[in-house]
1. For the stretch 91-98, in order, what is each residue's ³J(HN,Hα) by Karplus, 6.51 cos²θ - 1.76 cosθ + 1.60 with θ = phi - 60°, in whole Hz (x at glycine and Pro)?
2. Return the calculated 222 nm mean residue ellipticity for the chain, to the nearest 500 deg cm²/dmol, obtained by summing -39500 (n - 2.57) across DSSP H runs with n ≥ 4 and dividing by the residue count.
3. Is there a quick way to get the dipole size of the chain? I mean about its Cα centre, with the Cβ of Lys and Arg at +1 and of Asp and Glu at -1; what is the value in debye to the nearest 20?
4. Starting from the Cα gyration tensor of the chain, take the square roots of the eigenvalues, sort them a ≥ b ≥ c, and report rounded, prolate or oblate (rounded when a/c is under 1.5, otherwise prolate if a/b is larger than b/c, else oblate).
5. Tally Lys and Arg at +1 and Asp and Glu at -1 over the other residues with C-beta under 12 Å from the C-beta of Thr137: what net charge comes out?
6. Putting +1 on Lys and Arg Cβ atoms and -1 on Asp and Glu Cβ atoms, find which of Val166, Asn4, Pro136 reaches farthest to the positive end of the dipole of the chain.
7. Please list 3J(HN,Hα) in residue order for the stretch 118-132, calculated via the Karplus relation 6.51 cos²θ - 1.76 cosθ + 1.60 where θ = phi - 60°; whole Hz, with x for glycine and proline.
8. Specify the angular offset, from 0 to 90 degrees and rounded to the nearest 10, of the alpha carbon long axis of helix 12-25 from the longest principal axis of the alpha carbons in the chain.
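Values in this text are rule-based calculations from the coordinates and carry no lab data. Only a predicted model underlies this, so the values are computations on that prediction, with no experimental measurement involved. Methodologically, a virtual Cβ is constructed for each residue, glycine included, from the backbone with ideal geometry; neighbour enumeration extends over all protein chains shown.
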Amino acid sequence: MPSNRLTVSLDEESADALGDLTDRAETSQSEIVRRALTFYAANFDAVDGAADARLDAYHRMLSTGEHVLLDVDFLHCFLDYVEGESGDPDPAFLDAIDRVAAYHAREYGERFTTLGDLLHWLDFCGFLTVRDSDGPTYHVVFPTASIKWFMLRFLTHSVRDLPFDVDVEEGVSKAIVTAVDAED
């Protein structure tokens, strides 16, 4: 039996919650409090930390109806399909990517001021992984070659309203993306 004792004052909402939990778990109030403290300690970051900000951002994205959760395998199937057997995407699909990028360029022009901010947003969305480097250069890792060509096309077409252009040096599964001063 634990020897440490603690006296806690509960407001009405907390007292009701404790009563409900003791009934549902069929255990003592002390056991519920011990479990709650252990759970809170194990999940502290998720309850009070950075995870809250990410969950809030996901909630904002998904609740507007503009974004959806998509299994990465579906995305790969989709991109493989539009590439076709020739390996070259249908020109109509490329035009569609460019139209979406143009729409996002207006949004990004009001939202982002640095390449890092934009790349970290796309990282948050799950399309790529950003590794910061020195200065305005970022190492960007893509999960597959098809996502790489898709996202690099989107990225290079969506920065038109930002105060910089991008220079891309492609590797096999990653790219080095650098912000360069936009030409006036």
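1. Going residue by residue, I get x, 5, 5, 4, 4, 5, 4, 5 Hz, with x marking Gly and Pro.
2. -18000 deg cm²/dmol
3. Using only the charged Cβ atoms, the result is roughly 520 debye.
4. Judged from the Cα gyration tensor, the chain comes out prolate (a/c at least 1.5, a/b above b/c).
5. -3
6. Final value for the positive-end residue is Asn4.
7. 5, 5, 5, 5, 5, 5, 4, 6, x, 7, 7, 10, 9, 10, 5
8. For helix 12-25, the angle is close to 90 degrees.
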